[in-house]
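Here, each number is a calculation from the coordinates, and none is a lab measurement. These numbers come from a predicted model, not from an experiment. Here the Cβ positions follow ideal geometry from the backbone for every residue, glycine too, while neighbour counts run over all protein chains shown.
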Amino acid sequence: MTLLEIDDVRGGYGDVDILNGVSLSLQKDEILTVAGTNGAGKSTLAKAIVGLLPRVTGRILFEGVDLLPLPTEERVARGIGYVPQVANVFGSLSILENLQVVVGVRDQGKRIKELFEAFPLLGERKRARAGSLSGGERQQLAFARALMTRPRLMILDEPTAALAPAKVAEAFQLITRLPSLGVSVLVVEQRARQSLAISNRGCILDGGRVALSGDAESLLEDERAAELYLGRSAQAQSHVEQRL
Ligand SMILES: Nc1ncnc2c1ncn2[C@@H]1O[C@H](COP(=O)(O)OP(=O)(O)O)[C@@H](O)[C@H]1O
Ligand SMILES: [Mg+2]
C-alpha cells in the first residue's frame, strides 16, 4: 500500500523555488532514505511534508488524503511524526515532562508506558533532565516524543548528525525497529551509505530535484550514485589503500 505519494512538489521560503518538482513515494512498512549534498533541499522537503514550508505546490498524498491544504497539527493528527534536525527535545524538562508536553495525545499515560517499554533506558531515567542526557539518549527521547501521537509515518531529519561516531550504528539500529512498531520511515541522511544499508529504497536529491531513485541495494551498487553522491564504496576504498 502506498502510504505517501509526492508528486511534482515545488516551493520554497520566499520567491525562489528550493524544491523544483520532487516526486517520490513510500510504501507502508518501508524505510526510505533521502540523500543528497548539503543544500540539496532535503530538510526543505521534510518541512513541506510536515507543513512547515511557507510556499508549496504539487501534491502530497498521505493515505490518499491531500496534505497541502492542512495545517501542521492536522497532519500530525492524521499520523505523521517529525523529528527535526536540531532542537528536538526540551533540555530544561525531564524525560517524562518532554513526553507529557506533546499535544494531541490520546491516553497519554498508557502511551508513555508503552514507550518506556520500547525504550527502557528512558523509563529508568524518566526524572533526568533532557539537557543532561548523552547524544544517543537524547535521540531516543526525540524519537519517543515523535511517537507519542502514534504516527504511521516518521520523518527523521539527519538523526545521526549530532551523535558521537560510536553511537551512529545504534541510531540506525533504532530506526530499523520502527516498521515493527507500525511506523514507516522517511529518513534524511548525510551518511547515505549507512542509511541505504538499512533502507528498502532511496532517492538522491540534487538542486531540489530527484537525481536518482530506486531500491536501496541497486543505489548502493550504482556507479553514478557512487561517483557523484555517495563517495567511493568501502570496498573500492580499501583497494585504493592497498595500492598506496
Ligand atoms: N528558513 C530558510 N529560509 C530561506 N532559505 C532557506 C531556509 N532554510 C533553508 N534554506 C535554503 O534552502 C536550500 C536548501 O536547504 P535545505 O533544505 O536545508 O538543504 P539540506 O537539508 O539538503 O542540506 C539552501 O539553499 C538553503 O540556504
Ligand atoms: Mg538539512
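Please label the shape of segment 1-126 as rounded, prolate or oblate, based on the square roots a ≥ b ≥ c of the eigenvalues of the alpha-carbon gyration tensor (a/c under 1.5 means rounded; beyond that, a/b larger than b/c means prolate, else oblate). In terms of gyration-tensor shape, prolate.
Please work out whether segment 60-195 counts as rounded, prolate or oblate from its C-alpha gyration tensor, where a ≥ b ≥ c are the square roots of the eigenvalues and a/c under 1.5 means rounded, while otherwise a/b larger than b/c means prolate and anything else oblate? Here segment 60-195 falls in the oblate category.
What's the exposure ranking of Lys110, Lys42, going from fewest to most Cβ atoms within 10 Å?
Values: Lys110 10, Lys42 24.
Going from least to most buried by this count: Lys110, Lys42.
Suppose only helical runs count, i.e. DSSP H with n ≥ 4. What mean residue ellipticity at 222 nm does that imply for the chain under -39500 (n - 2.57) per run, divided by all residues and rounded to the nearest 500 deg cm²/dmol?
Details: 10 runs with 82 residues, N = 244.
Using -39500 (n - 2.57) per qualifying helix, the result is -9000 deg cm²/dmol.
With both labels modelled 7 Å from their Cα along Cα-to-Cβ, the Thr176 to Gln190 distance reads 2.4 nm. Taking Cβ atoms as reference points and 9 Å as the exclusive limit, the residues near Leu61 contribute a net charge of -3, counting Lys and Arg as +1 and Asp and Glu as -1.
If neighbour count is taken as other Cβ atoms inside 10 Å, put Ile198, Ile95 in order from fewest to most. Please list the in-between numbers first.
Values: Ile198 18, Ile95 29.
By the 10 Å Cβ count, ascending, the order reads Ile198, Ile95.
Here the residues Leu228, Leu133, Leu99, ranked from fewest to most Cβ neighbours within 10 Å of their Cβ, fall in the order Leu228, Leu133, Leu99. For the pair Glu223 and Ser23, a Förster radius of 35 Å applied to the C-beta separation gives a FRET efficiency near 0.90, rounded to the nearest 0.05.
Of the lysine pairs in segment 4-131, how many meet both conditions: Cα atoms under 29 Å apart, and a spacing of 8 or more in sequence or different chains? Don't skip to the answer; put the middle values down first.
On the way: Lys28/Lys42; Lys28/Lys47; Lys28/Lys110; Lys28/Lys113; Lys110/Lys126; Lys113/Lys126.
Going through segment 4-131 pair by pair, I get 6.
Would you kindly calculate the translational diffusion coefficient of the chain, applying Stokes-Einstein with the Kirkwood radius from alpha carbon pairs, for 4 °C and a viscosity of 1.567 mPa s, and quote it in µm² s⁻¹ without decimals? Kindly include the intermediate steps, with their values, before the conclusion.
Working: Rh = 18.6 Å.
Result for D is 70 µm²/s.
Here the gap between Arg106 and Thr2, fully extended at 0.36 nm per residue and compared with their Cα-Cα distance, gives a gain of 34.9 nm.
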